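Below is one structure, written out as structure tokens; comments come after it.
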Amino acid sequence: MSIISRAGRYGGTYAHKDIAFEFAMWISAEFKIYIVKEFQRLKAKEQELVGWSAKRELAKINYRIHTDAIQQKLIPDAVTRAQMNMIYASEADVLNVALFGMTHQQWQAANPSLKGNQRDYATINQLICISNMENINAVMIHDGVPQSQRLKKLNEIAIQQMRILSEVEGRKYLK
């Protein structure tokens, strides 16, 4: 359908965008240009929001695998909730230090005006890398590799992956 009319509180007349643009032209050429530019601005804003959502979902891909490994292998049966949270935070910081070069607390101190954490401000390549590292760290946790050795290996992996991903980005395969 090209035009839809609805009565009631949230009613109105809705037209396909092409019909709306032509109606705007009927009013005036300047008005049509204004409408087209505004439509383009709104579509660009929508794409930004979709990109942010996709980035956050990407960051969550291997999170469950990682936290399950921590729960199964690193958290003793008799610990308090606070102690358990410290173990999870410590393991998150292993990934943060390996990729970003700082813990969450250090990042917060360096960025007091920003809300959230490093991952909220990460590039798509950083999120791909951290997602990969969550999976690798989970495997190393299951294998009983000590945290200091995992950190060193994860940092090497982060450097290698970021180099490769930045080369790929330069070839316009990723945005």
Q. Given the conditions (1) over 29 Å from Lys153 (Cβ atoms); (2) under 16 Å from the mean Cα position of the chain (by Cα); (3) among the acidic types (Asp, Glu), and given that Glu38 satisfies all but one, which numbered condition is not satisfied?
A. (2)
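Here's the yes/no breakdown for (1) modelled with pLDDT under 95; (2) in the same structural domain as Met162 (by TED's automatic domain parsing); (3) of a type in the set (A, V, I, L, M, F, W, C):
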position: Lys32; (1), (2), (3): yes, no, no
position: Val36; (1), (2), (3): yes, no, yes
position: Gly51; (1), (2), (3): yes, no, no
position: Asp68; (1), (2), (3): yes, yes, no
position: Thr80; (1), (2), (3): yes, yes, no
position: Ser90; (1), (2), (3): no, yes, no
(Q) For region 119-142, check the following and say yes or no: at least one residue is without any contact (Cβ under 8 Å) to a residue 40 or more places away in the chain and loosely packed, with under 12 Cβ neighbours inside 10 Å. (A) no
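The values are calculated or read from the model by the stated rules, or taken from the named source; none is laboratory data. Note that the structure is a prediction, hence the values are computed from the model and not measured. All Cβ positions, glycine included, derive from the backbone under ideal geometry; neighbour counts span all protein chains shown.
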